[in-house]
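Novice: Pasting a structure here, questions to come.
Laboratory data are not the source of any read-out in this text; all were calculated from the coordinates shown. A quick note: this is a predicted structure, and the numbers were derived from the prediction, not measured. Quick reminder, even Gly has a Cβ in these numbers, built from the backbone with ideal geometry, and neighbours come from all protein chains shown.
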Amino acid sequence: MSRFLPKVEYSITEYGQRMPPLLQAMNDWSEGHIDHLNELYGEDSTTELPERS
């Protein structure tokens, strides 16, 4: 017996569209924090991290 899942379409509300600047700010902070930790402890002390874009 084959089961088919219903097609679901998602959209973000106008209110939810306010999130990208917050998420970008959090990303920017985390990248700066990694740099700060590298300055304190050296780059060799960090585990392998994904490539930053």
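Novice: Which distance in nm do the two modelled labels at residue 33 and residue 3 give, with both placed 7 Å along the Cα-to-Cβ direction?
Specialist: Here the answer is 3.9 nm between the modelled labels.
Novice: Highest mean first, how do 19-29, 5-15 rank when packing is the count of other Cβ atoms within 10 Å averaged over residues?
Specialist: Result, highest mean Cβ count within 10 Å first: 19-29, 5-15.
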